[in-house]
Structure formats: structure tokens, C-alpha cells
Amino acid sequence: MPAKLAAGAAAAVGGLILASVIGVAAVGGGSSASAASATGIKAGKVPAAFLPWVTKAGGLCADESPALIAAQIYQESHFDAAAVGPETSSGTAKGPAQFIDSTWGTWGRDDDGSGTASPFDIGDAVMAEGRMMCALIERAKESGYPGGSVALALAGYNAGWGRVDQYQGVPPESFAAGQTYNYVHDIIDRAAAWVDTIAPAVAGSGSGADAARKASTYLGLPYVWGGGTPEGPSQGFCSGNNGYLNGSCFAATHSGFDCSSLTQNAWWSTTHLPRTAADQYTATASHPVSMDALQVGDLIFYSHTGSGSDAYHVAMYYGGGMIIEAPRTGKNVQIVKLYRSGGLVGATRPA
């Protein structure tokens, strides 16, 4: 339940979503194998009425995912739009995302266009949950507390951020008989279990489609700073603040790719891209592509300065509004919705 604890609340879990988290599959009357593989969650997990909203809410910010949203809704209400939680000192939890009046007043909107913003409306509730989680994820990053930003955000959603501040992390099992602790870890496990790691098929032919297909063979492989070559994944190294995970040099002990070595490897059979994101931009800048005219295999660059020659990240267009990328240490090669935050510069076409 958002920003509060309540007796009898569904104990669920939440946390870091691993591998290729790209969406959810419909269940019941609207489910199909093609819908499942196109969105990335195993069939039979999410009711059809929730599917478009869970998918949309899961793309509101980079660290959120449809699988996370779906697992959290399941934990809160088992997808019961009419759910009413027990009365507590904080109020009564309502709807599939179990909002109380105070938090609903902050996050609730008329997302489904019905003319009324209601915590019992599926679209309104799911999108409100997504907005609140994005805000909590950002707050978790700024806090510097251990445990991972998604896990911390889930704890804040369930128990209130004051409890996260109190414990400087996810509240321990000793707090409230482990209710929040279990909520966080159960959602993490469920979201990971619901992910369909089979990538949607790449459409078309040609060097760009071939590059995207090559990159998709590495889904689930860890991001490794400095790792990866045209020949395949390799161990990397740590430099400055890069490559470390939980205080250890992750890059030196794991094989994988960083963002630019993944795109370099994927394109190598037809175009020998240079090693870094900035150099890849410079090498392909003579072939810019409008963001409205992307083709599979196009490179998409992000920069803190607004200049592609200073690009810190590169991803590849996968089709259908999705990209494939090696995002950062602690994450795996994944397919996600194309995002425009983080300093989007633009796109280029290597060939």
C-alpha cells in the first residue's frame, strides 16, 4: 500500500528487475503467445484489462518496468479493481494499487479519460502507481542508501519513506513482523519470475536487422565496464567510480559488454565501429536519422552536454518503439522502451 503500513496487506515483493524486462503478457480473454513475446512477460500472468496500463506505466522512467508494476499490483490486490483494504490510522486503501486518500490526492489523475480520477479505475490506479514509484526511485537514488533504488522505492511505497530514512535502507525483518521486508523481496522474485526473456523477433532484413539480432543473443548478459570486444563478451576493469558493485570491482570478475562494445560487436560483420560511444557518434554523425524515422539497428546516443561527441551512452533501435542496450553496472543487456530522458542527442545509421 502506498506510503503506509496496514494489517493484512498482501505481503509481496519488489526489487531489481533482471535480464530483458520489456513488458507484460495478457491473460484471460485477451491473452496470446504473440502478445506475450511482444511485451516480454510470460503469458497467463496479467489480466487483459490491466495489460495496456501496466505496459504504459512500466515505461514512465528508466528504472521501472512493466514486470515490476504488474508484480506490485498483484501483491497489492491480486488485480482486483474493487479491492478495499482494512481501515488503519492512515485511512482505507482502495483499488488495485491500494491508494489511501492522501496519496491518491498527490498521484491520482484521470488517465483513462473517463472524466473522473478514481483509485478504482484500472488505468488511473496503475498510472498513479507508476508515477509514485518513479518519484520514489529518484528519491532512493538521491538518498545513497544501500539495497538498490527499486527495492528502496518499494519499501517507501509500502511503509512510507520515513521508515526508509529511519533504517537508512529497506526496513529489516524485525520491523512490523517483516511485512515490508517481505513485500520488497516477494515483488522482486515475482517480477523476475514473470519476465519472458525470449526477445520479440526482429523485423526486416539487412545489416541493421542483422545487428539487432546479433545483439539480442546477449540478452541477460551483465553490463561490464570496459568489457566486450568484436569477438564477444569479456572481463572489464574498474576506473574511477565505474565498474564497482556493492563496493567490489564487478567488472574485473565478470564477462559481458558495456554499452558501446555491445553495439560494436553487433555491427562488426558489416561496419567496424570504434570502441567508445563518443567515437561511434563521430564515426556515424554524417548519417543522422530523425527520431521519427528510426530503422532497426540505428544507434541512439545520450550525452550530458547535448553533444554527441561527448556521448556517454549508446543504444540500438530494436523496432516497435524499443531499444536494446547494455545500461550500466548492476544491470543486464535488455530490451526496453525507447526513452528520451538522460540527455538524448539523436540517432545515426552506421550503414
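The values are calculated or read from the model by the stated rules, or taken from the named source; none is laboratory data. Given the structure is predicted, the values throughout are model-derived calculations rather than measurements. With ideal geometry, Cβ positions are generated from the backbone for all residues, glycine too; neighbour counts draw on all protein chains shown. These accessible areas exclude ligands, DNA and RNA; they are computed on the full protein's heavy atoms, side chains included. Shrake-Rupley method; radii C 1.70, N 1.55, O 1.52, S 1.80 Å.
Computed quantities for the displayed model
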item	result
Pick from region 166-197, criterion assigned to a loop (DSSP other than H, G, I, E, B) and of a type in the set (D, E, K, R), ranking: surrounded by the most Cβ atoms within 10 Å (Cβ to Cβ)	D196
Total residues in region 213-257, condition without any contact (Cβ under 8 Å) to a residue 60 or more places away in the chain, of a type in the set (S, T, Y) and under 22 Å from G144 (Cα atoms)	2
Long-range neighbours under 8 Å by Cβ, at least six apart or interchain, first residue at positive phi within region 331-351, second open to solvent by 50 Å² or more (accessible area, probe 1.4 Å)	G342/A62; G343/H304; G343/T305; G343/G306; G343/Y312; G346/P288
Within region 240-264, considering residues that are of a type in the set (S, T, N, Q) and either within 14 Å of D298 (Cα to Cα) or modelled with pLDDT under 95 (or both), the one surrounded by the fewest Cβ atoms within 10 Å (Cβ to Cβ)	N241
Sole exception among (1) out of contact with any helix residue (DSSP H, G or I) (no Cβ under 6 Å at 6 or more places or on another chain); (2) of a type in the set (S, T, Y); (3) over 23 Å from L152 (Cα atoms) for S118, by number	(1)
Qualifying residue in region 79-91 (condition: of a type in the set (F, W, Y), free of Cβ contacts under 8 Å to residues at least 60 places away in the same chain and surrounded by 19 or more Cβ atoms within 10 Å (Cβ to Cβ))	yes
Unmet requirement for D210, which otherwise passes all of (1) in contact (Cβ under 8 Å) with a residue 24 or more places away in the chain; (2) in a loop (DSSP other than H, G, I, E, B)	(2)
Flag if A212 is modelled with pLDDT under 85, open to solvent by less than 40 Å² (accessible area, probe 1.4 Å) and small (G, A, S)	no
Qualifying residue in region 311-322 (condition: on the phi > 0 side of the Ramachandran plot, touching a strand residue (DSSP E or B) at 6+ places or on another chain (Cβ under 8 Å) and at pLDDT 95 or above)	no
